[in-house]
Amino acid sequence: MKIKNICCIGAGYVGGPTMAIIAQKNPKINVTVVDINEKRIAAWNDENVENIPIYEPGLSEVVKEARGRNLFFSTDVDAAIDKAEMIFISVNTPTKTYGIGKGMAADLKWIELCARQIARVAKDDKIVIEKSTLPVRTAAALKDILDNTGNGVKYQILSNPEFLAEGTAVEDLQAPDRVLIGGDIDTEEGKAAMQALVNIYAKWVPQESILTTNVWSSELSKLTANAFLAQRVSSINALSELCEHTGADVNEVARAIGMDSRIGPKFLKSSVGFGGSCFQKDILNLVYIAKSFGLNEVADYWEQVIIMNDHQKRRFAENIVKTLYNTVSGKKIAFLGWAFKKDTNDTRESAAIYVADYLLNEQAEVVVYDPKVTEEQIYADLDYLGTRSEEENRKLVTVIKDPYEVCQDSHAIAVLTEWDEFKDYDWKKIYDCMLKPAFVFDGRNLLDTRELTKTGFTVSSIGSPLVRKTKEERKSAQVS
Ligand code: UDX
Ligand code: UDX
Ligand code: ADP
């Protein structure tokens, strides 16, 4: 099957970068990315390629190379569907906020709308590809809608989950660990559709890294990959609390176990808790699916990963209050970082939001600096929680574009994101402008605890015995 035109519905964090790379590597295929959000499409088309709506290292160069040649961004969804032989669905699938499965299941409203739109528009056979992370067996629902409401044309449904991580999207797309393609392996048409997609990736991905499976395995593998990754973070975070009570150092433990090739060194960084648009959503999804089959032990097992993560965020905030003599009322707490991890402006499910909310409930005054996140986004994140009025959020929280000014006259600094630049600050200068005793709560184990302690700070890092040592030292200093 010869593919000349590809359409991708959804120009977000997944659709945008993925299609940019596909277009770059397949210059003879026209790739049109469509979205109902006009502002977003206008930004993708912005003459100044630095203004594209998603910040990813290296992405603007790829867009610059392909845009206008064989990569197009448009709001004309129908036209792009009509022309394409292959349609990727890359729209958002957030956790449901209403009705059955509220807070757990994925909301497939947008996927279904896409399917109905494709069914209405398509006049010839199409390959439809699930790119968004979807619950297992969504392909069946898609097929049902397409086959029953369409114009009698034939559809092949493939699952092709995306494994890119934000901040390294271009790198991950250029050299993926694997590409996964699920389809109907029992029919010739199914195999042909899978081959058509394999050919597109084979332009730059080695054949042995392109896996083909049945649709369900592909769908479940995506949820499982995210669940395993999140589980590693929760596992090391669970140990971090034990380290704080025993005098072990979680960084040393992580290094020691990571050298076991069966465990491996990656994703063992203890933190204030994982965030991002995928981990929590996908695990909740897995839990919901397991429960819907009556597999309660399976559901409980995975749910514990989320429970641990919520606990980690809460205990970080509790530790701030406890350490600051059990009250932060009226105290200025400086936040370094708001994004859910470094090198991205994405704040979805960021631990910073929940830590801020907790401290605001304790009447703290929160002042935030993040190199990439806008003031507008920070307020939107807090407003979305609905804990207090928009006016109160603006009264209690200040966003400042200068890290030194943020720390000025603060009682404590909380590091919420592991931005590299935080390591290079003039920490003596920061110490001098803070109220004493000056506290640092390092939620990312990013800073040099020994150096900071020498400067005069009282440092509390996750999973480190130094926390207690400095407290003891302080006590003995007070006694003498
Ligand atoms: C284990 C540790 O591997 C070793 O480092 C430690 O020093 C002692 O405990 P051992 O108990 O000899 O070693 O066996 P291991 O190969 O780890 O297997 C343990 C159990 O897990 C076995 O019953 C094995 O069948 C099972 N297993 C292991 C699985 O079911 N699936 C796997 O993928 C791996
Ligand atoms: C994740 C998956 O990695 C990716 O494969 C999938 O396609 C989408 O979800 P992403 O959410 O972009 O990607 O970020 P990731 O790098 O996985 O980090 C998720 C969260 O875990 C971040 O908040 C990060 O700070 C945290 N984390 C990660 C840790 O706290 N410790 C670690 O060791 C690793
Ligand atoms: P992801 O991280 O999965 O890429 P995003 O929220 O960044 O999610 O992007 C999803 C995009 O899909 C949004 O820009 C949204 O406007 C778009 N979208 C959602 N539903 C439709 C639809 N029916 N037609 C076209 N675009 C859609």
Practice item. Enumerate by residue number the GluC sites (Glu not before Pro) in the range 18-68 meeting two conditions: DSSP loop (anything except H, G, I, E, B), and at most 12 other Cβ atoms within 10 Å of the site's Cβ. Key: E47
Practice item. For K39 paired with F293, estimate the spin-label separation in nm (one decimal), with each label point 7 Å from Cα along the Cα-to-Cβ line. Key: 4.1
**Study point:** Above-threshold pairs, the threshold being 31 Å between Cα atoms, out of K131/K423; K269/K454; K64/K269
**Key:** K131/K423; K64/K269
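With n ≥ 4 as the cut-off for DSSP H runs, can you work out [θ] at 222 nm for the chain, using -39500 (n - 2.57) per run divided by the number of residues, rounded to the nearest 500?
Details: 19 runs with 223 residues, N = 480.
Here the helix-only value at 222 nm equals -14500 deg cm²/dmol.
Under the 0.36 nm per residue contour assumption, what length would be gained going from the current alpha-carbon distance of E47 and T97 to full extension? Please report the intermediate quantities before stating the final value.
On the way: separation 50, 0.36 × 50 = 18.00 nm, distance 3.74 nm.
Full extension from E47 to T97 adds 14.3 nm.
How big is the antiparallel share of DSSP beta bridges in the range 5-205, given as a percent to the nearest 5?
Details: 2 of 25 bridges.
For the range 5-205, the DSSP antiparallel bridge percentage is about 10.
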Practice item. Whole Å is fine, so just give me how far the alpha carbon centre of the range 185-233 lies from that of the range 271-328. Key: 29
Revision key, fill the gap. Rounded to one decimal in nm, the spacing of the 7 Å Cα→Cβ label points at K64 and T398 is 3.8
Study note, to complete from the structure: So for R0 = 56 Å, FRET eff. of I263-K123 from the Cβ-Cβ r, to 0.05, ends up at 0.60
Practice item. Only bridges with both residues in the chain count here: give the DSSP antiparallel percent, nearest 5. Key: 5
Revision key, fill the gap. Here the FRET efficiency for K436 versus S389, based on Cβ atoms and R0 = 30 Å and rounded to 0.05, is 0.30
Exercise for review: Please tell me which of these pairs span more than 29 angstrom C-alpha to C-alpha: K154/K291; K401/K436; K109/K266?
Suggested key: K154/K291; K109/K266
Exercise for review: Would you please name the GluC sites (Glu not before Pro) within the range 80-167 that are DSSP coil residues with at most 16 other C-beta atoms within 10 Å of their C-beta?
Suggested key: none
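Could you tally the net charge around R67, taking each other residue with its Cβ under 12 Å from the Cβ of R67, Lys/Arg +1 and Asp/Glu -1? Don't skip to the answer; put the middle values down first.
Numbers: positive: K64, R69; negative: D46, E47, E61, E65.
So the surrounding residues net to -2.
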Check your understanding: So if we plug the beta-carbon distance of T149 and A202 into 1/(1 + (r/R0)^6) with R0 = 41 Å, what FRET efficiency do we get, rounded to 0.05?
Key -> 0.75
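Would you kindly work out the equivalent ellipsoid of the chain from its C-alpha gyration tensor and give its semi-axes, the square roots of five times the eigenvalues, largest first in whole Å? Before the final figure, lay out each step's value.
Values: eigenvalues 397, 113, 86 Å².
The equivalent ellipsoid of the chain has semi-axes of 45, 24, 21 Å.
Rule-based calculations on the coordinates, nothing more; no lab input. In this text the structure is predicted, and so the values were computed from the model without any measurement. Positions of Cβ are generated from backbone atoms using ideal geometry, with glycine treated the same way; all protein chains shown enter the neighbour counts.
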